[in-house]
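The values are calculated or read from the model by the stated rules, or taken from the named source; none is laboratory data. Just so we're clear, the structure is a prediction, and the values are computed from it rather than from any experiment. Using ideal geometry, Cβ is built from the backbone for each residue, glycine included, and neighbour counts are taken over all protein chains shown.
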Amino acid sequence: MSKRPPAAGPPSPRAYDSPLRRKAAEESRQRVLARARDLFLTGGYGHTTVAAIARSAGVSPESVYKGFGGKPGLVRAIQEQSLLGAGGSPAEDRSDRAQLDATNLHELVEQFGRFAAEVSPLAAPIVLLVRDAAATGDADMAALLRDIDDARHGRMLHNAQQTRDRGLLPPGLSVAEAADVMFACTAAALYENLVLERGWTAERYGRFVARTLSANLVAPDGSTVD
């Protein structure tokens, strides 16, 4: 008489870690972020609840808390996602490559303007949401606003240093001053004033950013650092 094969035990944890499961989890995450973005921007931070976001995304509130830690984590994730832009690969990576390809400062600021036109429609409304929530006294949003500004200024310092290293800044213009000019030109409030309030297109806004950078970073005679 043959022996009965041993009963199959419960599936190992790795059995659940399949590509399809990971894909479904990522799709759920992206759906939550998309629904949260829509609800935050239409209803405001204070009036939007995790329960409403979960209901709109077709998930449980518990899964939202587990994945993002609540509303502050959701906003932070949305803001970080917006900085990727809409070009497939992260906008910051493409910006770095573009800076290396530019042969002069005029060409470089034109590229900066195009990136501003791409990223600002995604990022600026979220920064303005954070700003408005921070103004009501929300400590989490105040902390996030500081983090956003610090990170943006750090990025502008990085851009300015790369520009200096390539000899594209005019004589007498420091890296710190160039970074401040870039910082001012990428402020969400500028997008708010020109696009959201005055009705400019994102493309017109990007051209304005490029012209403003050019006027403040390029010497009148077009000279650059040796």
Selected residue (criterion: surrounded by the most Cβ atoms within 10 Å (Cβ to Cβ)) from residues of the range 51-74 that are closer than 18 Å to residue 27 by Cα and hydrophobic (A, V, I, L, M, F, W, C): 74
Selection within the range 147-162 - loosely packed, with under 15 Cβ neighbours inside 10 Å and over 12 Å from the mean Cα position of the chain (by Cα): 147, 150, 154
Selection within the range 189-221 - within 13 Å of residue 123 (Cβ to Cβ) and among the aromatic types (Phe, Trp, Tyr): 191, 205
Which listed residue, of 86, 202, 142, 188, is touching an Asp or Glu at 6+ places or on another chain (Cβ under 8 Å) and under 22 Å from residue 33 (Cα atoms): 86
Those residues of the range 182-216 which are basic (Lys, Arg) and in contact with a Gly (Cβ under 7 Å, 6 or more places away or on another chain), in sequence order: 207
Restricting the range 40-50 to residues that are part of a loop (DSSP other than H, G, I, E, B) and touching a residue at least 24 places away in the same chain (Cβ under 8 Å), the residue that is surrounded by the most Cβ atoms within 10 Å (Cβ to Cβ): 45
Candidates 194, 169, filtered to the one that is hydrophobic (A, V, I, L, M, F, W, C) and not in a helix (DSSP H, G or I): 169
Near pairs, Cβ below 7 angstrom, 6+ apart or cross-chain, from the range 88-113 (more than 18 Å from residue 186 (Cβ to Cβ)) to any residue that is of a type outside the set (Gly, Ala, Ser) and in a loop (DSSP other than H, G, I, E, B): 104/168; 106/218
Selected residue [of a type in the set (Gly, Ala, Ser), touching a residue at least 12 places away in the same chain (Cβ under 8 Å) and either farther than 27 Å from residue 100 by Cα or in contact with a helix residue (DSSP H, G or I) (Cβ under 7 Å, 6 or more places away or on another chain) (or both)] from 178, 143, 139, 135: 178
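Residue-by-condition table, conditions (1) assigned by TED's automatic domain parsing to the domain that holds residue 213; (2) assigned to a helix (DSSP H, G or I); (3) not hydrophobic (A, V, I, L, M, F, W, C):
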| site | (1), (2), (3) |
| --- | --- |
| 23 | no, yes, yes |
| 38 | no, yes, yes |
| 63 | no, yes, yes |
| 89 | yes, no, yes |
| 94 | yes, yes, yes |
| 116 | yes, yes, no |
Complete set of residues in the range 65-87 that are assigned to a helix (DSSP H, G or I) and in contact (Cβ under 8 Å) with a residue 24 or more places away in the chain: 67, 68, 71, 72, 74, 75, 76, 77, 78, 79, 81, 82
